[in-house]
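Visitor: Take this structure first; my questions come after.
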Amino acid sequence: MHLQKPVLATMPSTALGSPIDRRATMANFDLKLLAVIGELHRTRSVSQAAERLGLSQSAVSMSLAKLRKHFNDALFVRTSTGMEPTPHASQLIGILSQAEDLLQAAFGRSVVFDAATSNRLFHIQSTDIAQVTLIPKLMQHLRKAAPNLRIDLQRIGPSTPRLLESGELDLAIGFIHPMGAGFCQQRLFKERFVCAMRSDHPRIGHTLTAKAFENESHLAIATSGTGHNIVEKILETQKIRRNVSLTVPSFLGIATIISSSDHLVILPEQLGRHLAGPGNIKVLPLPFDIPAYYIMQHWHERYSQDPASQWLRTVISDLFKAPRGYQLH
């Protein structure tokens, strides 16, 4: 009895993922869809990804559907914290990140940002003080240099580092505690604390003594996430008594309170001079020393080379960075 040898079936090389097959697949694949993966990973939101890509939400949803079909994987699923990547998507994100770096090197970072025509939405966080003293000047400049740009202004908070890292936030401006490795910052100008009160205060003239400071009632600001808590520490260290009769959550709206009462308030000099502009509030040096500090702009190193982010940081630096040798008045 003769046993017939088994015949091994042969398959076309294209069915085995040959270079020919891979090239055909790439030729039929819209590489623009890959940008959707990147933005969904950064924002964890279809709506925010659409906003950053300049697309409609339905267009992003359709792109995600095509990607799911191509990769035969859900890629991103809804959770309580947003759209989270599947394990397969996480692998793709790592590969795409490496590919993006290679492409940027190959094309010499040929991405161009045209501020004059762009309708980019920048997400910026600032302290209350920066919102009052810096943002109006920035918006005035943008109306001329970049009329279609939009700004989403938010308040600095505990989530600021995470939002900068994810790309949901482009920039943070003000006095912010150090955020650790991976974050970049640029000094804009030096600031110091002063004391403000109504211009016709009945007991305080052109100078403020330590005795008068302790005898008067005070307005205190209970801010969080900024450097104003330095004031409390200095007062405690120097054993300076302050009679606080009113505490408010921010600097916004304090001008009306100061001008209609005898309260004193410690605040940054730039804000004090802004409030003193109309003439019903005056600013005097404090009768004790509080160290000066720097107002900075902060971003994450992931976006240091992004042309749009670079442009925004340059604008803010040009508008607010103090020249060398600048002294506080």
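Visitor: Name the residues in the stretch 170-211 that are in contact (Cβ under 8 Å) with a residue 24 or more places away in the chain and small (Gly, Ala, Ser), would you?
Guide: 172, 174, 182, 196, 199, 210
Visitor: Now a separate question. Name the single residue, out of those in the stretch 132-156 being part of a strand (DSSP E or B) and of a type in the set (A, V, I, L, M), that is farthest from residue 51 (Cα to Cα).
Guide: Among them, the one singled out is 153.
Visitor: Let me ask another. For the stretch 120-127, does any single residue satisfy the condition of being at pLDDT 85 or above, closer than 22 Å to residue 313 by Cα, within 25 Å of the chain's Cα centre (by Cα) and surrounded by fewer than 17 Cβ atoms within 10 Å (Cβ to Cβ)?
Guide: Yes, the conditions are met somewhere in the stretch 120-127.
Visitor: Just checking, which of 84, 51 is assigned to a helix (DSSP H, G or I) and either out of contact with any Phe, Trp or Tyr (no Cβ under 6 Å at 6 or more places or on another chain) or at pLDDT 75 or above (or both)?
Guide: 51
Visitor: Could you say which residue among 208, 235 is surrounded by fewer than 19 Cβ atoms within 10 Å (Cβ to Cβ), over 30 Å from the mean Cα position of the chain (by Cα) and not basic (Lys, Arg)?
Guide: Residue meeting the stated conditions: 235.
Visitor: In addition: Given the condition assigned to a helix (DSSP H, G or I), touching a Pro at 6+ places or on another chain (Cβ under 8 Å) and not assigned by TED's automatic domain parsing to the domain that holds residue 299, answer yes or no: does some residue in the stretch 213-225 qualify?
Guide: Scanning the stretch 213-225, I find at least one residue that is assigned to a helix (DSSP H, G or I), touching a Pro at 6+ places or on another chain (Cβ under 8 Å) and not assigned by TED's automatic domain parsing to the domain that holds residue 299, so the answer is yes.
Visitor: Return yes or no: is residue 40 modelled with pLDDT of 85 or more, under 25 Å from residue 149 (Cα atoms) and touching a Leu at 6+ places or on another chain (Cβ under 9 Å)?
Guide: Yes, satisfied.
Visitor: Does at least one position in the stretch 228-248 carry a residue that is in contact (Cβ under 8 Å) with a residue 60 or more places away in the chain and either assigned by TED's automatic domain parsing to the domain that holds residue 145 or of a type outside the set (Val, Ile, Thr) (or both)?
Guide: Checking the stretch 228-248: not a single residue is in contact (Cβ under 8 Å) with a residue 60 or more places away in the chain and either assigned by TED's automatic domain parsing to the domain that holds residue 145 or of a type outside the set (Val, Ile, Thr) (or both).
Visitor: Looking at (1) buried (at least 17 other Cβ atoms within 10 Å of the Cβ); (2) in a loop (DSSP other than H, G, I, E, B), which one does residue 177 not meet, given that it meets all the others?
Guide: (1)
Visitor: On to the next question. Using beta carbons and a limit of 7 Å, which pairs, at least six apart or on different chains, have the first residue in the stretch 55-68 and part of a loop (DSSP other than H, G, I, E, B) and the second one of a type outside the set (Phe, Trp, Tyr)?
Guide: 56/50
The values are calculated or read from the model by the stated rules, or taken from the named source; none is laboratory data. Note that this is a predicted model, so its numbers are computed, not measured. Because the Cβ atoms are built from the backbone with ideal geometry, glycine has one as well, and the counts that use them run over all protein chains shown.
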